[in-house]
Amino acid sequence: MKQTDSIVENVAFNLVKQAVVYLPDDVKASLRKAYAEETSEAGKTQLKTILDNLALAEKHEAPICQDTGTFVFYVKAGADFEGLDCVEEALTNATRKATFEVPLRPNAVHPFTQKNSGDNTGKGIPQVHWELVSGDSLELTVLAKGGGSENVSVLGMLNPSEGLQGLKRLVVDAVIKAGAQPCPPTILGVGVGGGADAALSLAKKALLKPLDEANEEAEIAGLEREILEAANMTGIGPMGLGGKTTVLGVHVDWAFRHPASFPVAVVFNCWAARRASAKINADGSVEYLTHKKRPR
Amino acid sequence: MATYRLKTPISEAQIRKLEVNDVVYLSGTVVTARDQAHRRAIELLQKGKALPVNLEGLAVFHCGPVMKKENDSWVAVAAGPTTSTRMEMVEDEFIKGSKVRVVIGKGGMGKRTSAAMVKYGAVYCAFTGGAAVLAAKAIKHVKGVEWLDLGMPEALWILEVDEFGPLVVAIDSCGRNLFLDVAKKVEANRQRIYRKLGFQP
Ligand code: SF4
């Protein structure tokens with residue numbers, strides 16, 4: 001289907017641009033609150049600079065950060081949406097186009113030859129995660145993931161007897177080890193169970209949840225609060241210069257595990273937590289979900 | 001905590017006045033350099049050869065910018081700092097050979113760099129990670145580019161900046177290192193957190 005093909009490409013292009021230029025409202029609100037509450041002087045300067053930078057990025061329609069990240073697309077595909085076989089190609093084309101037109105930093109490097117593809121596409125990139133659902137619409141979400149925060153990801157294959165204590169300790173240690181590197185204040189995605197790969201995928205996908213959305217499972221919501229409080233007791237602070245704002249939010253997701261394994265993954269998102277979503281209906285109409293008021 | 005407005009070339013005396021937590025706004029010439037540029041520069045310096053730009057009294061910026069060409073001249077689109085720890089093993093040699101006075105980056109640097117800063121008279125300034133548009137707007141003019149063969153992020157971009165900041169002095173020339181101080185406090189807090197969550201130490 002040529003037509004849905006170009007709609008998907010256009011929407012994906014708009015999402016990439018929205019994501020790298022405008023932070024979602026929940027993240028902005030959280031940063032503003034942090035600025036109001038931060039007591040460390042150096043930390044407050046950092047949060048002020050972040051807020052000034054966000055305003056400038058919006059004004060000039062320029063990417064918030066020079067590391068525009070690598071692109072991960074999450075596709076919630078209605079089985080009856082026409083042209084599913086062309087979606088991946090459309091996402092690749094949109095990424096390439098955005099690289100030249102926004103512009104984005106070319107961030108796709110061959111791991112063995114070090115050659116940069118120049119357009120943010122290549123084998124395995126952009127990454128596409130599929131979820132097949134019933135219906136005839138297509139929901140697209142893009143995550144622009146910076147390298148600084150990706151580099152401090154942690155996977156622990158815990159001994160199941162370590163239980164929740166082991167999980168909490170792993171996360172606290174990961175936050176401390178990461179220090180200033182992921183550009184705090186960060187958002188933590190914690191994936192529990194599944195297998196090694198599932199835990200990491202769940203952790204990364206958890207970063208898509210808005211900060212103002214509490215976990216629907218009360219016990220997990222409690223765990224998230226406990227981890228958040230502990231992370232902010234570290235004193236790492238904005239950009240590692242000291243202060244009480246180290247983490248803005250924690251999202252935990254889980255899956256059943258093998259009796260002998262207890263995988264726990266922690267994936268960080270920097271304060272530039274860039275994500276955008278839209279839904280394409282069967283009739284070709286588009287609803288932008290995260291950036292409703294933004295120009296496109 | 002004092003605020004300084006400095007202009008390059010910066011003298012050693014000016015640098016020796018700065019203390020950790022001071023805020024600096026910098027005007028003049030700043031040159032970007034990341035891992036590969038540092039390595040190439042040191043190779044040249046060790047052979048006694050000159051760098052394509054004389055860095056004496058200037059600032060080096062750990063940054064891989066997004067640049068675009070408009071009517072034959074380069075314009076900075078986004079130019080935030082990159083993680084400085086990647087340059088920790090080479091920065092001391094770089095400071096020694098290039099006589100650069102200010103190193104700008106994010107995330108801080110370690111003992112080796114601190115020692116070189118005491119010895120040669122230089123400071124490390126933290127610029128807010130990710131604040132790339134703010135940085136780009138302070139860049140008034142791209143004066144030139146060298147080593148573009150290393151790729152856009154790794155090249156030496158020679159930038160004319162105006163009131164670039166706020167930069168927080170995080171390592172001064174008296175050996176104080178804000179990041180190492182914070183790290184010490186964080187270590188102590190780790191034990192508090194462990195106790196609060198009921199872990200065995
Ligand atoms: S960690 Fe995030 S904010 Fe920091 S430099 Fe990377 S992408 Fe930018």
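The values are calculated or read from the model by the stated rules, or taken from the named source; none is laboratory data. Since the model is a prediction, treat every value here as computed from it, not as a measurement. All Cβ positions, glycine included, derive from the backbone under ideal geometry; neighbour counts span all protein chains shown. When the accessible area is computed, the model is the full protein with side chains, heavy atoms only, and any ligands, DNA or RNA have been set aside. Shrake-Rupley method; radii C 1.70, N 1.55, O 1.52, S 1.80 Å.
Counting only DSSP beta bridges with both residues in the protein assembly as shown, tell me the antiparallel percent, nearest 5.
Working: 53 of 85 bridges.
Close to 60 percent.
In terms of its C-alpha gyration tensor, region A:22-158 has a prolate overall shape, because the principal axis ratio a/c (a ≥ b ≥ c, square roots of the eigenvalues) is not below 1.5 and a/b outweighs b/c.
Here A:Glu213 and B:Arg16 are evaluated by their C-beta separation; at R0 = 56 Å the FRET efficiency comes out at 0.65.
Starting from the eigenvalues of the Cα gyration tensor, five times each then square-rooted, give me the equivalent ellipsoid semi-axes of region B:3-197, largest first, whole Å.
Numbers: eigenvalues 151, 73, 57 Å².
The equivalent ellipsoid of region B:3-197 has semi-axes of 27, 19, 17 Å.
Residues whose amide H falls under 5 Å from that of B:Ile104, counting only those 5 or more places apart or on a different chain, are B:Val60, B:Phe61, B:His62, B:Cys125, with hydrogens built in the peptide plane.
Here the accessible area is traced with a 1.4 Å probe on the protein chains. For the protein assembly as shown, carbon and sulfur cover 51 percent of it. Residues whose amide H falls under 5 Å from that of A:Thr246, counting only those 5 or more places apart or on a different chain, are A:Gly237, with hydrogens built in the peptide plane. Near B:Leu180: Cβ cut-off under 11 Å, other residues only, Lys/Arg at +1 and Asp/Glu at -1. The net charge is +2. In chain A, helices alone account for a calculated mean residue ellipticity at 222 nm of -12500 deg cm²/dmol, with every DSSP H run of four or more residues adding -39,500 (n - 2.57). Taking max minus min of the alpha-carbon positions on each principal axis, chain A gives extents of 53, 49, 43 Å, largest first. Identify all aspartates and glutamates with a Cα-Cα distance to A:Lys168 below 16 Å; exclude those on the same chain that are fewer than 8 residues away in sequence. Here the aspartates and glutamates satisfying the reach criterion relative to A:Lys168 are A:Glu219, A:Glu224, A:Glu226, A:Glu229, A:Asp253. With N as its number of residues, the protein assembly as shown has a Cα radius of gyration that, divided by 2.2 N^0.38 Å, comes to 0.98.
Count charges around B:Thr85 for me, please; just the other residues with Cβ under 14 Å from its Cβ, Lys/Arg as +1, Asp/Glu as -1.
Numbers: positive: A:Lys177, B:Arg34, B:Arg86, B:Lys106, B:Lys111, B:Arg112; negative: B:Asp35, B:Glu88, B:Glu91, B:Asp92.
Taking every other residue near B:Thr85 into account, the sum is +2.
Averaged over the residues of A:56-63, the number of partner chain Cβ atoms lying within 10 Å of the residue Cβ comes to 5. When DSSP beta bridges are limited to those with both residues in region A:148-269, what percentage is antiparallel, rounded to the nearest 5? Given both bridge residues lie in region A:148-269, the antiparallel proportion sits at roughly 55 percent.
Between A:Leu228, A:Leu158, A:Leu202, the GNM of chain A built on Cα springs shorter than 10 angstrom shows A:Leu158 fluctuating the most. Largest mean-square fluctuation among B:Val142, B:Val30, B:Val133, in a Gaussian network model of chain B whose springs join Cα atoms under 10 Å apart, belongs to B:Val133. Among A:Asn120, A:Asn215, A:Asn159, the residue with the largest mean-square fluctuation in a Gaussian network model of chain A, with springs joining Cα atoms closer than 10 Å, is A:Asn159. At 1.4 Å probe size, with no ligands or nucleic acids counted, give the accessible surface of B:Met89 in Å², nearest ten. Roll a 1.4 Å probe over it and B:Met89 shows about 120 Å². With a 1.4 Å probe rolled over the protein heavy atoms of all chains, the accessible area of A:Val171, A:Val128 falls in the order A:Val128, A:Val171, largest first.
Based on alpha-carbon positions alone, could you give the equivalent ellipsoid semi-axes of region A:148-269 from the gyration tensor, as √(5λ), descending, whole Å?
Values: eigenvalues 98, 44, 34 Å².
Whole-Å semi-axes of the equivalent ellipsoid: 22, 15, 13.
Just by accessible area at a 1.4 angstrom probe, what is the order of A:Glu58, B:Glu56 from largest to smallest?
Numbers: A:Glu58 50, B:Glu56 105 Å².
Largest accessible area first, the list is B:Glu56, A:Glu58.
Going by accessible surface with a 1.4 Å probe and the largest first, B:Glu19, A:Glu89 read A:Glu89, B:Glu19. Taking the longest Cα principal axis of chain A as reference, the axis of helix A:218-232 is set at about 70 degrees. The relative contact order of chain B, computed from alpha carbon pairs under 8 Å that lie at least 6 residues apart in sequence, is 27 percent.
Quick one: compute a quarter of the convex hull surface over the Cα atoms of region B:8-53 and quote it in nm². Mind showing how you got there, number by number?
Values: hull surface 18.5 nm².
Averaged projected hull area, Cα only: 4.6 nm².
Taking chain A as a whole, the Cys residues whose C-beta sits 4.7 Å or farther from every other Cys C-beta are A:Cys65, A:Cys86.
Beta bridges assigned by DSSP with both partners in chain A are antiparallel in approximately 65 percent of cases. Seen from A:Gly118, the other residues with C-beta closer than 15 Å to its C-beta sum to a net charge of +3, counting Lys and Arg as +1 and Asp and Glu as -1.
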